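Reviewing the structure listed below.
Bear in mind these aren't lab numbers, they're just calculated from the coordinates by the rules spelled out. A quick note: this is a predicted structure, and the numbers were derived from the prediction, not measured. Every residue, glycine among them, receives a Cβ derived from its backbone with ideal geometry; neighbour counts consider all protein chains shown.
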Amino acid sequence: MRYDYLIVGSGLFGSVFAHEMNKIGKKCLIIEKRNTIGGNIYTEKTEGINVHKYGAHIFHTSNEDIWNYVNQFIKFNRFTNSPIANYKGKLYNLPFNMNTFYGLWGVKTPEEAKKIIEDEKAEYETKNPSNLEEQAINLVGPTIYEILIKGYTEKQWGKPCTQLPSFIIKRLPVRFTFDNNYFNDLYQGIPIGGYTQLIEKLLEDIEVKTNEDYFENKEKWDNIADKILFTGMIDQFFDYCYGELEYRGLNFETEIKDTSNYQGNAVVNYTEAEIPYTRIIEHKHFENSDSEKTIITHEYSKTWKKGDEAYYPVNDDKNSELYSKYEDLSKNYPNILFGGRLGMYKYMNMDEVIKEALQLVEKEK
Ligand code: FAD
């Protein structure tokens, strides 16, 4: 065995794990099937703008240890995520706050806004909501639901809200202040110079081989290290022996525009069902780039099929049950560790991924 650990996948999970194990003298090799490192947080500089190639990524956390952890590698700017919703050509602020309510009803005080929402909720309440539509109306009333939730959610999941389970939306935060900051976390920002630099720093002393799919040379890779950390799809690892887990897919259409400012904001969500994309990202606004051009990405949500890039696990009862079977099976393989959003079949933000990776490091130590 030439390595202590073979790490399959150079995303944030694999990179943090490799960095920490290398620090304590363990020899690590990363293989990555893409021709780029960083998994979904990979950014690429074009026209002086760091383009988030696999979707907009905003780092946010309330965990001071994790914030200090990432800041030892790279500086973050003070970006605050304040998305805009475009519904039939009219713009609204997100998350739902006094600016949104002013746009919807012209109300100027929290008291007026609260009254409208409470009256709507009381009038349209469903006891024991059986689907997402009923649940959302119970939480915020029909106006906010129709304009800001319905179309967007249906595009995201590819199904009418009446056919989606109510548990998808447990709470819908409503703010009665004029505060457009999407996240409630204490710390928030974008790495200055892009996320790829963060990954490059983590992997400074690690051997990495890109364009290497573990499954194409499985026998070779299985015999190269004492242990394997696998951050790809756990169902694929076990050759789908219990069946396929479900994911949601995404399509990105990116174009350079000959203008310095296309939409005036990093994220604009399109909340009506008739517009096929879910949002437009204008990458330069993540970092106030002074490029004379701009780069925008239309993001489309799509049904995932085998062979597509898997973006979001679908953690409903059926898939969670199936995942448990794979998780149980993985316990028979003590030298194979599973990590990250695909290995653990769990949507995690970047701060949670780092926390999980550091916990695995402690366990391995
Ligand atoms: P990944 O980044 O998916 O890395 C796994 C890697 O393994 C990939 O590079 C893959 O190519 C490689 N791999 C898989 N199979 C194989 C194989 N067989 N052989 C070799 N290599 C393989 N989080 C936030 O905190 N803030 C955000 O704003 C945010 N926005 C997001 C937006 C989108 C559209 C998505 C999809 C996620 C977002 N996230 C966000 C979550 C964030 O992307 C994840 O927390 C993080 O990137 C997960 O890292 P990972 O290492 O687990 O997975």
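Give me the angle, in degrees from 0 to 90, between the Cα long axis of helix 317-330 and the longest principal axis of the Cα atoms of the chain, rounded to the nearest 10. It is inclined by approximately 10 degrees. The rule of thumb for compact globular proteins, 2.2 N^0.38 Å, goes into the C-alpha radius of gyration of the stretch 94-150 1.10 times. Taking the Kirkwood radius as Rh and the Cα radius of gyration as Rg, the stretch 115-208 has a ratio of Rg/Rh equal to 1.20. Helix 350-364 and the long axis of the chain differ in direction by around 30°, with both axes built from C-alpha atoms. On a 21 Å Cα-Cα criterion, which of the cross-link pairs Lys53/Lys363; Lys26/Lys201; Lys218/Lys306; Lys53/Lys150 come out too long? Violating the 21 Å limit, Cα to Cα: Lys53/Lys363; Lys53/Lys150. Spin-label model, Lys306/Asn128: points 7 Å from Cα along the beta carbon direction are separated by 4.0 nm. Using the Stokes-Einstein relation with a Kirkwood hydrodynamic radius computed over Cα pairs, the translational diffusion coefficient of the stretch 206-310 at 37 °C and a viscosity of 0.692 mPa s comes to 188 µm²/s.
The order of the peptides 173-182, 38-47, 10-19 by mean Cβ neighbours within 10 Å, most packed first, is 10-19, 38-47, 173-182. As a ratio to 2.2 N^0.38 Å, the alpha-carbon radius of gyration for the chain is 1.06.
Stokes-Einstein, applied to the Kirkwood radius of the stretch 140-266 over Cα pairs at a viscosity of 1.306 mPa s and 10 °C, places its translational diffusion at 76 µm² s⁻¹.
Using only alpha-carbon positions in the stretch 7-166, the gyration tensor eigenvalues give semi-axes of 41, 20, 17 Å once each is multiplied by 5 and square-rooted (largest first).
Post the alpha-carbon centroid distance, the stretch 57-81 to the stretch 249-294, in whole angstrom. Comparing the Cα centres of the stretch 57-81 and the stretch 249-294, I get a distance of 23 Å.
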